[in-house]
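Single-structure report; data block below.
Readers should treat all values here as calculations from the given coordinates under stated rules, not as data from a laboratory. All figures in this text were calculated on a predicted structure; none of them were measured in a lab. Every residue, glycine among them, receives a Cβ derived from its backbone with ideal geometry; neighbour counts consider all protein chains shown.
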Amino acid sequence: MATFIAAAGSFVIGIALPIDFPLNNLVRILDIVKVQKQTIKPTVTPTATPTLLKVNIKLKAGVENKQNQSLLKLDDNQPNLAIPSRFQGATVNRVKLPSQQKAIALTFDDGPWPESTVEILNILNKNQIKATFFMVGRYLKVYPDIAKKVAANGHAIGNHTWNHRYYQYNQAAAAKEIDRTTALIKEVTGMNVSMFRPPGGILTNGLAAYARKKKYTVVMWSVDSLDWRNSMQSLKQNVLRQTNSGGIILMHDGGGNRSNTVTALPSIIITLKKQGYKFVTVPELLQIQEKEMKNNHKNHQLVQNVN
Ligand SMILES: [Zn+2]
C-alpha cells in the first residue's frame, strides 16, 4: 500500500483528492473493472466470477453502490463524459501526464451566448475536436437552443452557477445556484452534470464546498487565456506560453463580446496541434490520468514481485 500511495502521489501533482478518499478501495475498484471486463467477453475465465464476488463482499454496501454507479457510467454510450470515481468530489486544475502523452482540455465559460458560442462550435467542428463548456443557468434559460447544439456536437457540459456572482453563499443559497442550473442543463440537453466551475475561480465562498459535497468534480484551470481583457494576439501568446501536457485551458464563449476569442481560437488550435497536442474533454483528461495511475500501480507491483 505504501508503494501504491507513493506511485499515486507522483501522478497527482496539481490534483486535490478528498482527504478521506479510501485508497484501498481504489485498488479494489481497479480489480473490479478488470474482472467485469472479463465477464462480458466470451473467453471468460472460470475464476472471474468468484473473484468478483469475493471483492464485492469485502466492500461496504454504501461504498460499493456508489462505485458501481461510476463503473456503469464508464460503460455508457458517452465515454467522453464519464468521470472516474476518484475525481468525484475532488478539485482539479490539471493532470500530470508523461511528457509523450500530450493531451489538453479547452474549456469555455459563461455561455451559452448568441453568435460566439456557435462560432466556437463551428471552429471546434472544423478541427474535429471536443471541448468542455461551463454554462450559466440564467443564460441557458434564454438560449436553450445554443446549449442543445453544444450537447449535440458531443462536447462536455459543466455547471457554472445560475447567476455567476461573487457573493458569499450559505449552503441553502449555494444549493439554489448549483441545483437549479444542473436541473436545467438536464432538462435542455438530457445530460447529467458532474462538473462544477466556481465563478471567478473562487473556492472559498461556499459554492465549491457545496459542489464537492454533492460529488461534483470542481474543475479549475492551469492555463488562463485572460481572453476577457486581452487583445487577440496576447491571448494567443498567453495560451501558448502556459500550455503543457495535462493542462486545462480557460477561455470564454459568453458573458460579453468574445470576438477576440473567436478570432484567436483557430490559430491557437493549429499551433498546438502542430506541437503534437491532442484536444480532449475534461472527463477524458481525467480518464487518461486514471489509466496512468492504474498502469503506474501495476508497474510498482511488478517491481515488488521481482524483489
Ligand atoms: Zn465565469
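List of remarks:
- Taking every C-alpha pair closer than 8 Å and separated by at least 6 residues, the mean separation divided by the residue count of region 114-176 gives a relative contact order of 38 percent.
- Rounded if a/c under 1.5, otherwise prolate or oblate - region 124-235, Cα gyration tensor axes: oblate
- Taken along the Cα-to-beta-carbon direction at a fixed 7 Å, the label points for Lys298 and Lys96 span 2.1 nm.
- Net length gained if the chain between Gln242 and Asn257 were fully extended (0.36 nm per residue, minus Cα distance): 3.0 nm
- Set Lys102/Lys291; Lys96/Lys215; Lys236/Lys274; Lys148/Lys176; Lys214/Lys273 screened for pairs whose C-alpha atoms are more than 26 Å apart: Lys214/Lys273
- Stretching Thr204 away from Ala183 to a fully extended chain increases their span by 5.2 nm, per 0.36 nm per residue minus the current alpha-carbon distance.
- Calculated FRET efficiency for the pair Asn170/Asn125, C-beta based, R₀ 35 Å, to 0.05: 0.25
- Gyration tensor verdict on region 170-307 (Cα atoms; rounded if a/c is under 1.5, prolate if a/b is larger than b/c, oblate otherwise): oblate
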